[in-house]
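> If you scroll down you'll find the structure; I have some questions about it.
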Amino acid sequence: MSRERGRDDTRRAIAAHAARLMAQDGIEDYGLAKRKAAKLLGIPDMRRLPGNDEVDAALREYRDIYQGEVHNQRIRQLRARAAQAMRELADFDPHLTGSVLSGIAGPYAVIHLQLFTDNPKAVELFLIDRGIAYKTGQNRLYAGQELRVLPVFSLQGEDAEIEITVLDARDIRVPVRATAEGRVIDRARLAAVEALLQKS
């Protein structure tokens, strides 16, 4: 076996194991899932870790084989809840991101929304005025090449937690990434989410 083929086999094995961890344990952090998978497989060389796209492919395959319609129903439920929240937050140009948008969300997935507004405080006032309980936090994202420390509001729901990250209105025109060199975060407005629901 060539060294290149061995490296590819190692990456596939880590991707498959990481996908299983994400599907069964509800892990959403790709880096964590890959590191845990490598450790469980006894692979110390972190340079052999697969890319997130490889884990995505393995996760889709795993869900198709082992979770099927149960998973599809859960995705529909999460997307419907996301769409409801987006309608309520319509004044802040909400976008759905993350595993609920991509369709790989696990049973304990968080619904991730990005809001775009010139007045971040207005989001908190909106929640207070409607008596919606929330916790605050921060998220670090790159808007274009600029690192932003952004306010986050976490809402607990009966069927899923919703995490709202508030960006500046001008950030709608630039790619947003989790890291400076990372992949652009996919996002969808309400109409696109509703279209996904109609297809499912």
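> Using Cα pairs under 8 angstrom and six or more residues apart, how large is the relative contact order of the chain, in percent?
Values: 293 pairs, mean separation 37.9, N = 200.
Answer for the chain is 19 percent.
> Can you bin the chain into rounded, prolate or oblate? Criterion: square roots of the alpha carbon gyration tensor eigenvalues sorted a ≥ b ≥ c, rounded for a/c under 1.5, prolate for a/b above b/c, oblate for the rest. Kindly include the intermediate steps, with their values, before the conclusion.
Values: a/c = 2.24, a/b = 1.61, b/c = 1.39.
It is prolate, given that a/c is not under 1.5 and a/b is the larger ratio.
> Choose one answer from Val123, Val55, Val70: the residue with the largest mean-square fluctuation in a GNM of the chain with alpha-carbon springs under 10 Å.
Greatest mean-square fluctuation among the candidates belongs to Val70.
> Would you compute, from DSSP H runs of 4+ residues alone, the mean residue ellipticity of the chain at 222 nm, taking -39500 (n - 2.57) per run and dividing by the full residue count, rounded to the nearest 500? Mind showing how you got there, number by number?
Details: 7 runs with 91 residues, N = 200.
About -14500 deg cm²/dmol.
> A further question on this structure: Taking the Cα centre of segment 69-199 as the origin and placing charges on Cβ (Lys, Arg +1; Asp, Glu -1), which of Thr136, Ala188, Gln156 is farthest toward the positive end of the dipole?
Farthest along the dipole direction, towards plus: Ala188.
> Right, next: How large is the translational diffusion coefficient of segment 3-50 in µm² per second when you combine the Kirkwood radius over alpha carbon pairs with Stokes-Einstein at 25 °C and 0.890 mPa s? Walk me through the numbers before you get to the answer.
On the way: Rh = 10.5 Å.
For the chosen part, D equals 234 µm²/s.
> Same structure again: Check cross-link reach from Lys121 to the lysines: straight Cα distance under 26 Å, and skip same-chain residues fewer than eight apart.
The qualifying lysines are Lys135.
> For segment 14-20, just list the computed ³J(HN,Hα) in residue order, Karplus coefficients 6.51, -1.76 and 1.60, θ = phi - 60°, integers in Hz, with x standing in for Gly and Pro.
5, 4, 5, 5, 4, 4, 5
> List every residue whose amide H lies under 5 Å from the amide H of Ile43, counting only residues 5 or more places away in sequence or on a different chain, with H placed 1.01 Å from N in the peptide plane.
Sorted by chain and number, the residues that satisfy this come to none at all.
> Here's another thing I want to ask about it. What is the sum of charges, Lys and Arg at +1 and Asp and Glu at -1, for the other residues whose Cβ falls under 15 Å from the Cβ of Arg81?
-2
Every number here is computed from the coordinates shown, using simple stated rules; none is lab data. Remember, it's a predicted structure, so these values are computed and weren't measured experimentally. Note that each Cβ is placed from the backbone with ideal geometry, even for glycine, and that neighbours are counted across all protein chains shown.
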